[in-house]
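Here is the structure we will look at.
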Amino acid sequence: MTIVADSSRCEELLCRRLEALRARVAEAEAEARAGRAPGSVTIVAVSKTQPPESVRAAFACGQRVFGENYVQEGVAKVEALADLPLEWHFIGPIQSNKTRAIAEHFAWVHSVDRLKVAERLAAQRPAALGPLQVLLQVNVSGEASKSGVAPAEVPALAQAVAALPGLRLRGLMCIPEPTSDEALLRARFRTLRRCLEDLCAQGLELDALSMGMSGDFTIAIEEGATHVRLGTAIFGERKKP
Ligand SMILES: *Cc1c(COP(=O)(O)O)cnc(C)c1O
């Protein structure tokens with residue numbers, strides 16, 4: 001009895017958070033200088049470290065798109081929740097020996113940053129699932145420690161990935177360095193947007209910019225994000241591993 005009460009209270013809280021976030025996304029879309037069309041931003045609910053029950057609760061609140069960082073944890077959740085019509089996005093670092101599991105269980109990958117990984121995903125994507133939707137992760141901060149392809153190397157990688165069967169290149173993703181400097185953050189998001197515009201000018205048909213997390217998603221939307229990746233803002237603080 002108490003368990004039922006607890007889980008429904010938990011679901012209520014999640015629903016309220018999601019509704020508030022949808023409103024903030026719509027507001028940022030409306031305020032964006034580019035005059036974004038309503039509904040042009042997808043919330044990717046980042047469910048890493050959250051149990052499958054939390055994903056079910058978010059689903060009950062109308063959330064359909066979820067993101068996972070770790071292959072083993074993500075695959076287990078995809079399988080445990082196979083009864084729900086969810087769209088799963090892989091957003092974490094990719095080791096080349098884990099590409100098969102990603103190709104077989106996810107609809108989107110945001111974090112491709114080298115050709116070898118793209119080639120493996122292409123070869124391992126089951127034809128029955130249709131093309132894997134791919135974003136290239138770009139290192140917009142120029143830090144040696146961060147993953148992502150350097151902006152100058154994006155065009156060559158994009159052309160090579162776009163030519164692979166089994167994949168559909170949709171756009172770019174970034175994770176800027178943590179900063180409280182809003183102007184710097186905007187500059188990082190603009191770098192990503194400009195990379196996408198350059199690719200479009202080169203004839204690639206791309207439509208997705210994955211940028212913005214719980215702390216900065218309204219700024220990212222103002223700068224052109226089509227996918228915001230929200231974990232903490234939806235599910236609350238994660239337990240430290
Ligand atoms: C964890 C994570 C997120 C979500 O971060 P929050 O700050 O909790 O919203 C988004 N993107 C990536 C790549 C992540 O690893």
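The values are calculated or read from the model by the stated rules, or taken from the named source; none is laboratory data. None of these values were measured; they are calculated from a predicted model. Neighbour counts run over all protein chains shown; Cβ positions are idealised from the backbone, glycine included. Please note that ligands, DNA and RNA were not included when accessible areas were found on the heavy atoms of the full protein model with its side chains. Shrake-Rupley method; radii C 1.70, N 1.55, O 1.52, S 1.80 Å.
Does E73 satisfy the condition of being in contact with a Ser or Thr (Cβ under 9 Å, 6 or more places away or on another chain) and open to solvent by 40 Å² or more (accessible area, probe 1.4 Å)? Before the answer, list the steps.
On the way: in contact with a Ser or Thr (Cβ under 9 Å, 6 or more places away or on another chain): yes; open to solvent by 40 Å² or more (accessible area, probe 1.4 Å): yes.
Here the answer is yes, as E73 does meet what is asked.
Determine, yes or no, whether A118 is over 30 Å from P51 (Cβ atoms) and crowded, with 23+ Cβ neighbours inside 10 Å. Can you show your working first?
Details: over 30 Å from P51 (Cβ atoms): yes; crowded, with 23+ Cβ neighbours inside 10 Å: yes.
Against the criterion (over 30 Å from P51 (Cβ atoms) and crowded, with 23+ Cβ neighbours inside 10 Å), A118 qualifies.
Listed by first and then second residue, the pairs with beta-carbon distance under 8 Å, at least 6 apart or on different chains, first residue in the range 207-234 and touching a residue at least 24 places away in the same chain (Cβ under 8 Å), second away from the ligand (no atom under 13 Å from the Cβ) and among the acidic types (D, E), are M211/E223; T218/E27; I219/E182; I221/E29; E222/E31; T226/D207.
Within the range 19-36, the set of residues being open to solvent by less than 60 Å² (accessible area, probe 1.4 Å) and at pLDDT below 95 comprises A26, A28, E29, A32, G35, R36. Considered as a group, the residues in the range 91-113 that are more than 16 Å from G130 (Cα to Cα) and of a type in the set (A, V, I, L, M, F, W, C) include one that is nearest to the ligand (Cβ to nearest atom), and that residue is I91.
Scanning the range 52-90 for residues that are assigned to a loop (DSSP other than H, G, I, E, B) and away from the ligand (no atom under 16 Å from the Cβ) gives C61, G62, R64, L81, A82, D83, L84, P85, L86. Among the residues making up the range 219-233, those that are in contact with a strand residue (DSSP E or B) (Cβ under 9 Å, 6 or more places away or on another chain) and of a type outside the set (G, A, S) are I221, E223, T226, H227, V228, R229, L230, T232.
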